[in-house]
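Structure first, commentary second.
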Amino acid sequence: MFLRCTTRRKNGKEHRYWSIVENKRCAGNKIVQRHVLYLGQLDDQQFANWETTLQICDHAEAPARTAELFPTASPGADESRVRLDLSRMQLRRPRQWGACWLFCQVYEELGLPRFWAERLPPSRKGTRWDLILQTLCAYRLIAPGSEWRLHRHWFEHSAMGDLLGGDFSLAEIHRLYECHDLVLQHKGALFDHLTQRWKDLFNARFDVLLYDLTSTYFESAPPFPETDKRKFGHSRDQRGDCVQVVIALIVTPEGFPLGYEVMPGNTSDKTTLKGFLEKIEKQYGKARRIWVMDRGIPTEETLQEMRASDPPVLYLVGTPKGRLSQLEQKLVALPWQKAREAVEVKLLAHDQEIYVLAKSLDRVSKERAMRRRQFKGLWQRLKDLEQMELKRDALLLKLGAARQQSPAAWRLVKIQLPTAHKKFGFALRKDKLRQVRKREGRYLLRSNLSGKTPEQMWEFYLQLVEVEQAFKHLKGDLGLRPIFHQKEERIEAHIFIAFLAYCVHVTLGRRLKHLAPGLTTRCALEKLGAMQMIDVHVPTSDGRELILSRYTQPEAEQNLLLEKLKLKLPEQPPPKITAAQSTA
């Protein structure tokens, strides 16, 4: 290990920052540097202290060379008898093994090692890009973070090197970034491959497609080139202060992703659907698919084109509550039909479409409680403002803050601003409250489906939660946001790797769901993640060391999970013997 200096000019002055770096010898006698510790700016005394410490550490750790486990010797020779000194046995390098091994099993089940080996062959210098990508994907699933953290910390504290038969060259920082430049061109082929694998493994069907959009933000400051996708727009992450991109996603009701696109951060939802219809039709052919979407995504023009298509593209989409006002008189006369427990619907045929008015009793109670809580807080705030002696401008500012805090309740209140003859006052809008109470827990859907029961229509719409769940996993479990990459092609590659990790995530989740609804991917990774790999060093009487790399034996709960998943642990790695070289 040694000290490495990085210089930076700031405000006309040169600053020197120090780090501890380690040289690691990899296959082919290559040397790869690993960042060990960041020290920052050091004064002369601190620098001297660190330099002395590193010299002591270097002398304390004698280099080792690999030797034969059973050296050649004549029968009966004393040199062939090696004694183990158990009193000086040491346990070194504890590292996470179980979750990495489980990831590799699912990755193999999806046929991804072969898929990527064919498309990412080794470089001229022997760089295994397919294994680097597998490492990036495992890191994104197990302990997501930056590529810098993978290089500096995670790889050395995981057993990915042991499982892949590689060394630290798989986590060399420049290779991690360069791997991003190679994968994006294979996105279409990957989803074709995964679609077929999910059909084989789970008999998955792709006749119902759930479509939705989300946004993800960046920790980077504009300005950017005109063609850059990083733009300010409506942030679903409540980070309007950051630039973002919009991600459109198609998944099946089981959560299997069929495709996604990355679009500029100021993209309007209603401009995206037409392009996605063409993309899916081009990639997977024409078929009678049912598209389920939320309101605000399709336009009237797009829906008309879907109805006129041959064969027609079927859809079920939510509508704004304003349309409920237009059809209210026709819907009032229709009887309620029971779709499921605590859910009733009304069906109305109108202009080549079927409108579905659904009422959920559970949702009525929830929305009513939310409205009452918000209204109670707003009403109390207005009473407090009424008691204050405020100038008009100050009052307007405080009313604006109250409106922002309680937007839904604000529509139920009539505000009287102070004038020369009237004081500030407020009153309840009873007509508006009656209208809101009638619409709480009610949804108006529109569709061109025919021959479906009310229960089926409602079930189709409820499946939209799978898209929201996919976004939750991507942003939460897989650490998609924030994005720190600066190059646009690497930004999209980062999102691609996150989706690749999500494909592994949803595949494992599907297997677990067959066992028990409460079992999740994160739960399985955490349970098996407790299994560690440790290097056992046992000195021998002739100055060598016997090294046994061993993963810890599973506990009862881990054995139960492995048995249910029908997974068998591999054999323990073979032992190695090293001999310390003379330091004289």
Can you confirm whether R25 is at pLDDT 80 or above and under 30 Å from R124 (Cβ atoms)? yes
Residues of the range 8-17 being open to solvent by less than 80 Å² (accessible area, probe 1.4 Å) and either at pLDDT 85 or above or under 20 Å from T127 (Cβ atoms) (or both), in sequence order, are H15, Y17
So which residues in the range 198-229 are open to solvent by 10 Å² or more (accessible area, probe 1.4 Å) and aromatic (F, W, Y)? F202, F206, Y217, F224
Could you list, in sequence order, the residues of the range 513-543 that are without any contact (Cβ under 8 Å) to a residue 24 or more places away in the chain and either small (G, A, S) or assigned to a helix (DSSP H, G or I) (or both)? K513, H514, A516, G518, C523
Meets criteria (in contact (Cβ under 8 Å) with a residue 60 or more places away in the chain and either surrounded by 12 or more Cβ atoms within 10 Å (Cβ to Cβ) or touching a Phe, Trp or Tyr at 6+ places or on another chain (Cβ under 9 Å) (or both)) for T319: yes
Can you find a residue in the range 563-578 that is more than 30 Å from L86 (Cβ to Cβ) and open to solvent by less than 30 Å² (accessible area, probe 1.4 Å)? yes
Of everything in the range 510-539 that's touching a strand residue (DSSP E or B) at 6+ places or on another chain (Cβ under 6 Å) and either among the β-branched types (V, I, T) or farther than 21 Å from G165 by Cα (or both), which residue is modelled with the highest pLDDT? I534
Given the conditions (1) under 28 Å from F276 (Cβ atoms); (2) hydrophobic (A, V, I, L, M, F, W, C); (3) crowded, with 17+ Cβ neighbours inside 10 Å, report the number of the one that V343 does not fulfil. (1)
Checklist (1) open to solvent by 30 Å² or more (accessible area, probe 1.4 Å); (2) part of a helix (DSSP H, G or I) applied to P144, failing item: (2)
Any residue at all in the range 208-223 that's at positive phi and either of a type outside the set (D, E, K, R) or within 21 Å of the chain's Cα centre (by Cα) (or both)? no
Considering only the range 33-52, state which residues are β-branched (V, I, T) and either more than 41 Å from the chain's Cα centre (by Cα) or modelled with pLDDT of 85 or more (or both). T52
Tell me, yes or no, whether the range 329-342 has at least one residue that is assigned to a strand (DSSP E or B) and not basic (K, R). yes
Of the residues in the range 152-161, those that are in a helix (DSSP H, G or I), within 22 Å of the chain's Cα centre (by Cα) and in contact (Cβ under 8 Å) with a residue 60 or more places away in the chain come to R152, H157, M160
Is it true that E492 is modelled with pLDDT of 90 or more, open to solvent by less than 70 Å² (accessible area, probe 1.4 Å) and among the acidic types (D, E)? yes
Residues located in the range 471-506, provided they are hydrophobic (A, V, I, L, M, F, W, C), in contact with a helix residue (DSSP H, G or I) (Cβ under 8 Å, 6 or more places away or on another chain) and over 20 Å from H193 (Cα atoms): L474, L478, L480, I483
Only one of A516, A501 is of a type in the set (G, A, S) and surrounded by 14 or more Cβ atoms within 10 Å (Cβ to Cβ). Can you tell me which? A501
Any chance the range 230-246 includes a residue that's in contact (Cβ under 8 Å) with a residue 60 or more places away in the chain, acidic (D, E) and open to solvent by 50 Å² or more (accessible area, probe 1.4 Å)? no
If A287 satisfies every condition in (1) buried (at least 18 other Cβ atoms within 10 Å of the Cβ); (2) assigned to a loop (DSSP other than H, G, I, E, B) but one, which is the exception? (1)
Candidate set from the range 72-110 (those that are open to solvent by less than 50 Å² (accessible area, probe 1.4 Å), modelled with pLDDT of 85 or more and not in a helix (DSSP H, G or I)); member that is nearest to I534 (Cα to Cα): R95
Filter result (open to solvent by less than 10 Å² (accessible area, probe 1.4 Å) and without any contact (Cβ under 8 Å) to a residue 24 or more places away in the chain) within the range 162-197: none
Filtered residues of the range 460-489 (kept if acidic (D, E) and either open to solvent by 70 Å² or more (accessible area, probe 1.4 Å) or touching a strand residue (DSSP E or B) at 6+ places or on another chain (Cβ under 7 Å) (or both)): E466, E468, E489
Just give me the residues in the range 256-276 being in a helix (DSSP H, G or I) and at pLDDT 85 or above, in sequence order. D269, K270, T271, L273, K274, G275
Unique residue being more than 21 Å from G479 (Cα to Cα), more than 22 Å from the chain's Cα centre (by Cα) and surrounded by fewer than 23 Cβ atoms within 10 Å (Cβ to Cβ) when the list is P113, P122: P122
Can you find even one residue in the range 496-510 that is of a type outside the set (D, E, K, R), part of a loop (DSSP other than H, G, I, E, B) and in contact (Cβ under 8 Å) with a residue 40 or more places away in the chain? no
Residue pairs within 6 Å by beta carbon, gap of at least six or interchain, first lying in the range 252-267 and farther than 30 Å from E226 by Cβ and open to solvent by 10 Å² or more (accessible area, probe 1.4 Å), second modelled with pLDDT under 90 and polar (S, T, N, Q), listed first then second, are P253/Q463
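The values are calculated or read from the model by the stated rules, or taken from the named source; none is laboratory data. Only a predicted model underlies this, so the values are computations on that prediction, with no experimental measurement involved. Backbone-built Cβ (ideal geometry, glycine too); neighbour counts: all protein chains shown. When the accessible area is computed, the model is the full protein with side chains, heavy atoms only, and any ligands, DNA or RNA have been set aside. Shrake-Rupley method; radii C 1.70, N 1.55, O 1.52, S 1.80 Å.
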